[in-house]
Amino acid sequence: MAGAQAARRPETSAYRLRPLTGYGPPGARRAKPPVRRRPILRLPARPRTMALTFDDGPDPRYTPQVLRVLREHDILATFFVCGQMAVDHKGLLREMADEGHVIGNHTWTHPQLLQTSRADARAEMERTSEVIEDATGTPPEWFRAPYGAWNRAIFELGAHMNMEPMGWTVDSLDWRTPGTSIVVERVLKGAGPGVVVLAHDAGGDRTQTVRALRRYLPRLIDKGYHFTQPRRQDF
């Protein structure tokens, strides 16, 4: 979303040299997901259950604040991280993983993939997966295209890398910094079974995001909402 980093072609890494046949020892490999035609926009509808997702981080200023709020309410979320942010903050990735949050791939530099060659898109995705795996010991199983821009090549690359495409149902538009109250209102109005909320923990001043999170989480909990994460077996 907003706050995309300046694009540059990622360097060759060991991760890029791995074949697209899966990673790890044969016994540990998962069956690849199907090549989808559209991203997953919501989770299976369970009564008063929704998901929180955060893009573009980790940012040492705002990600710890988001994690603190989630910890206070015993809530697990999904973080779609950008490699060039994550590579210098692997400790935050380990903290996310240790606390049970899902970490997804959001490319290296947050480019507009529809204007990127297939080779460069693959490099963006693979290099980010390498950082996530190096930090947490586990490669990501979820991918989110920057700006929600998808095409056949991106779906194919994600599936070959054993990642499912995740979109969103409700965009908080926090990246526009419209005011804390407006962010809160958008999330509360959009709440519903299986809803996936998009917010950001990096890419700019995310003070409003943190403040809004502190306000809408207690209200959603009071309404009986529970928070979940994507599970491969559900799709």
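DSSP assigns beta bridges within the chain; of those with both partners inside it, close to 5 percent run antiparallel. Contact order, relative form, for the chain: 32 percent (alpha carbon pairs under 8 Å, 6 or more residues apart, mean separation divided by residue count). Just checking the listed ones, Asp174, Asp59, Asp88: in the Gaussian network model of the chain with Cα springs under 10 Å, the one fluctuating most is Asp88.
Please identify every one of the GluC sites (Glu not before Pro) in segment 25-107 that sits in a loop by DSSP and has no more than 13 other beta carbons within 10 Å of its own beta carbon. Answer in residue order: Glu99. Taking 8 Å as the Cα distance limit and 6 or more residues as the minimum spacing, I'd like the relative contact order of segment 90-185 as a percentage. Answer for segment 90-185 is 27 percent. Summing Lys and Arg as +1 and Asp and Glu as -1 over all other residues whose Cβ lies under 10 Å from the Cβ of Pro146 gives a net charge of -2.
Quantify, in whole percent, the carbon and sulfur part of the accessible surface of the chain (1.4 Å probe; protein heavy atoms only). Walk me through the intermediate numbers first.
On the way: 4940 of 10270 Å².
Here it works out to 48 percent.
Annotation: amide H-H contacts under 5 Å for Trp142 (H modelled 1.01 Å from N, sequence separation of 5 or more, or interchain): Asn105, Glu164.
Pulled fully out, how much extra length does the chain show between Arg38 and Ala119, if you take 0.36 nm times their separation in residues and subtract their Cα-Cα distance?
Numbers: separation 81, 0.36 × 81 = 29.16 nm, distance 2.11 nm.
Gain in length upon complete extension: 27.1 nm.
Near Phe79: Cβ cut-off under 9 Å, other residues only, Lys/Arg at +1 and Asp/Glu at -1. The net charge is -2.
In sequence order, segment 182-193 has phi-based couplings of 5, 4, 4, 4, 5, 5, 5, 5, x, 4, x, x Hz under the Karplus curve 6.51 cos²θ - 1.76 cosθ + 1.60, θ = phi - 60°, and Gly or Pro positions carry x. Entry comment: accessible area of the chain is 44 Å² per residue, from protein heavy atoms only and a probe of 1.4 Å.
The Glu72 and Asp234 beta-carbon pair, evaluated with R₀ = 35 Å, returns a calculated FRET efficiency of approximately 0.80. When the P(r) is computed for the chain, the part past 22 Å accounts for 49% of the Cα-Cα pairs. Residues of segment 34-75 falling in the label zone of Lys223, defined by backbone nitrogen less than 13 Å from a point 7 Å along Cα to beta-carbon, are 48-51.
Assuming a ≥ b ≥ c are the square roots of the Cα gyration tensor eigenvalues, decide whether segment 45-85 counts as rounded (a/c under 1.5), prolate (otherwise, with a/b larger than b/c) or oblate. Could you put the intermediate results ahead of the total?
Working: a/c = 4.32, a/b = 1.57, b/c = 2.75.
Oblate shape, in that a/c is at least 1.5 and b/c is the bigger or equal ratio.
The values are calculated or read from the model by the stated rules, or taken from the named source; none is laboratory data. What you are looking at is a predicted structure, and each value in this text was computed from that prediction instead of being measured. As a convention, Cβ positions derive from the backbone with ideal geometry for all residues, glycine included, and neighbour counts pool all protein chains shown. The protein model used for the area step is the full one, side chains on, heavy atoms only, and it has no ligands, DNA or RNA in it. Shrake-Rupley method; radii C 1.70, N 1.55, O 1.52, S 1.80 Å.
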